Every structure is written in structure tokens, then in C-alpha cells.
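Remarks on the structure that follows.
The values are calculated or read from the model by the stated rules, or taken from the named source; none is laboratory data. All values derive from a computational prediction rather than experimental measurement. All Cβ positions, even for glycine, are placed from backbone atoms using ideal geometry, and neighbour counts span all protein chains on display. Surface areas here come from the heavy atoms of the whole protein model, side chains and all, with no ligands, DNA or RNA. Shrake-Rupley method; radii C 1.70, N 1.55, O 1.52, S 1.80 Å.
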Amino acid sequence: MFKRVCSLLMIFASVVIFAACSGENENGTSPSPSPEVLPMETAQPSVDALPTETTQSTGQIFLYGERHGEEVMMQVQLERWYEYYHHMGMRHLFVELGFFAAEFLNMWMQSDTDEILYQLFDDWEGTAKHVPYTLDFYKAIKRDFPETIFHGTDIGHQYDITGTRFLRYLEETNQQGTERYLLTQEAIEQGRHYYSTNPRDEAFRVNSKADNFIRAFDRLIDQSIMGIYGGTHAYFGDYGSMGLPEIPTLAERLRERYGDAVFSRPLWREIPTPPIKTGTIIINGVEYEASFFGEQDISAWTEDFQSRAFWRVENAYDDFKDKPFAYNLLPFNNYPMTVEVGQVFVIYYTRIDGTVNREYHRASGDYWNDMPITIEFIP
């Protein structure tokens, strides 16, 4: 039933997860106006020269889904990396950045200054990464895990600023024709293609992300890795919530290739989120205690709505567990707090014209495309 429901009536969920999977929310808005990538000499080798056949790695993959830009998420990631780095001997950390951005981080790890890191941070202005916790996160890795090697497997976000700068460095150091140079060219081309399409070519982006990941992981032969990616990519299933039901998620692509060697978990399941404030909500003439967890601006994702606000109605599940469905659902990773089975929520959607839609959702243990979901009900 849910697959039929979702294919017809998933406007809100698809709008929000689209944002979670797009370049705008994960690693950057479309690149800010800057000079174009340096022109290539006609004699330069093509990215077609990159190897396409690799031996399947025998290592393990520990994939974690995050909400970008949150301090508590980064703290948990550092705790996980501590365990893998110090107790399992891991050194390879896969991140949702373009190849050239991760290479800059690797150069910075060997540098005596933070100049490279601050240049990258400036490039991320206007994105979810441009928060002070990001600097703290990378500085902690350099301080506490100095042998970490970053692998960037996303398309080339900020291709015309970060990408141009890294390509110039490679040319100035006579690295034309190296694999590093070819992978930089490829990431730039991927970024240019994605940001030149309207609407954004999300199918191209998610497929490229998985292809880049698999190639980089297989090159490690037998090394296990940890990966940090947006929550939607870390679910087993497909990108149906983005309107791409025929495309498996990153986690699913990895599971198809490596089987049980892939572990994937959304981090917010492990992080309790305190409410911003408490209050009361009246439903059917009954007053319930409620906890408020914030309001999200969704105007960049839809032309109809400005924002949505989340309230959790406390101790209300038994009163509404048998109420009829409204045939609309919302995956857990859309909520700004941890969601548990047996909870009830009221979500206020504010339209551009100021009118407000009120939705009631309950978490009953249902799944759609391998994602845990809440389902709207009629109170």
C-alpha cells in the first residue's frame, strides 16, 4: 500500500529529501560566480584514460548518515573515528566532498599552517558546511588522528573556485597527466554538468557519487573505511523520495557490490534532541503537552511553502493509533529530532501567502523504501 501511496502523494517528503540530496544542502549551493576553470591544452589527456576496471575490495565499509552542519553530529563522528582509527587501525575517511577538496584537506594535514583549511572554508560560504563546528571538526582530526587520509567521492561542488585552484596547483607542480590530475578534471566536469542543468540532474549526481566511491574504495584493495554522507544516501533502498525510484541509494549500491561488508546507520538515531520549548496543543477538544523542535525554511525547495514547524505531542499515541490514514508520509530523516515508534507529531506548514496547513503524523513502525516513516492521519 505504501509504495502506491508514496508514488502519488509524497509532495512534502519528496520536496524535503530532495533538498537533503541536492548540492544546495549537502555540499554547497550552485557555485558562486567566479572565473571559469582554467582552459585545458588540447594535448592534455582525457578523463577517459582513467581506469574503469578494478578488483573488488575485501575491506569493510562503515557508513554514517548525518544532518549537515550540526555540532552534535560532528562530535559523534569524531567518537566513531576514534574507535576505528585507534582500535581497528583505519586511516581512510570517505567524505561527501569533491575529489579536489579532499586532496586539499590531505595537503593541509601535512602543512604547518591552517591556510589551506581556511581557504576551503571560505569556498564553502553559503553552504551547510560554513559553520564554525566544521573548522573544529577538521582541526580535531588533524590533532588527534594525524594519519587520516580523506577521500572525496562527490561531484565537484565549487568546481570553479576550489577546483580551479587545485588544478592550477597541479599544473604548477608539473602533475599534468597523473591520475590525480585526471580525477580532478573528472570532478570538475561532473560539477559543471550538474550545475548547468535546470532542474538539477540529480540522477547524474547520485550515480556519480556511487561510482566515484566504489572506484576509490576498490583501489584500497583490503583496507576498511568509514564514510560520512547525508542521511538519505546512507539508507538501504532507492531514491524514490527524490522521484528516482529506479536508482538505488549509495548505501544500496555498496550493499549490492560488497554485501555484508557494508554497515550503514543514520547518526541521529543515537543522538537525543532536547526540545526548544514546551507548550500545549488542543486536538479534538483535548489539551496535550507538546514539545517544539524548531522551524525549517523550505522556500528553496518548493514554490508553495515558506517553512514548517515541528511539535511532538506527548503521551498521545494510544489516542490516535487507530485513526485513519491521510495517505501522506514523512521519513524520519526529515525531522529535526530523533523519532521513535509510538510518537505523535503536529507539523505546521506555512505557505508563501502566510496561510498555514496543519498535519498530524504518527510513528507506527512503518517503512517505505527501507526508510522508517511517519504517516499522516486524520484526527
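Simple rule: put +1 on each Lys or Arg Cβ and -1 on each Asp or Glu Cβ in segment 254-379, find the dipole, and look at 272, 309, 335; the Cα lying farthest toward the positive end is 272. Averaged per residue, segment 116-166 has 36 square angstrom of accessible surface, using a 1.4 angstrom probe with ligands and nucleic acids left out. Using a cut-off of 31 Å between Cα atoms, the listed pairs 277/321; 209/321; 129/323; 139/209; 142/277 include 209/321; 129/323; 142/277 as exceeding that distance.
Taking packing as the residue-averaged number of other Cβ atoms within 10 angstrom, the listed peptides 69-82, 242-255 run from highest to lowest as 242-255, 69-82. FRET efficiency for residue 297 and residue 211, Cβ-Cβ distance as r, R0 = 41 Å, nearest 0.05? So, using R0 = 41 Å, E works out to roughly 0.80. Applied to segment 106-117, the Karplus parametrisation 6.51 cos²θ - 1.76 cosθ + 1.60 on θ = phi - 60° returns per-residue 3J(HN,Hα) values of 5, 5, 4, 4, 9, 8, 8, 10, 9, 4, 5, 4 Hz, with x for Gly and Pro. For segment 136-204, GluC sites (Glu not before Pro) meeting the loop criterion (DSSP other than H, G, I, E, B) and having at most 16 other Cβ atoms within 10 Å: 147. Taking amide H as placed 1.01 Å from N in the peptide plane, residue 276 has its amide H under 5 Å from the amide H of 292, 293, 294, each at least 5 places away in sequence or on another chain.
You can think of it this way: the chain between residue 75 and residue 221 has 49.6 nm of extra reach, that is 0.36 nm per residue less the Cα-Cα gap.
In the context of the full set of protein chains, residues of segment 249-379 present 47 Å² of accessible surface per residue (probe radius 1.4 Å, heavy atoms only). Net charge dipole, segment 133-227: roughly 220 debye, given to the nearest 20, about the Cα centre with Cβ charges of +1 for Lys and Arg and -1 for Asp and Glu.
Note on residue 338 and residue 306: with the Förster distance fixed at 45 Å, the Cβ-Cβ geometry gives a FRET efficiency of about 0.95. Over segment 175-282, Cα pairs under 8 Å with separation of 6+ residues give a relative contact order of 17 percent.
Scalar couplings 3J(HN,Hα) for segment 180-188, obtained by applying the Karplus form with A = 6.51, B = -1.76, C = 1.60 to θ = phi - 60°, are 4, 5, 5, 5, 5, 4, 4, 4, 5 Hz; x denotes Gly and Pro.
Listed peptides 119-132, 94-107 appear in the order 94-107, 119-132 once ranked by packing, highest mean of other Cβ atoms within 10 Å at the front. Placing dummy labels 7 Å off each Cα toward the beta-carbon, the span from residue 130 to residue 168 is 2.0 nm.
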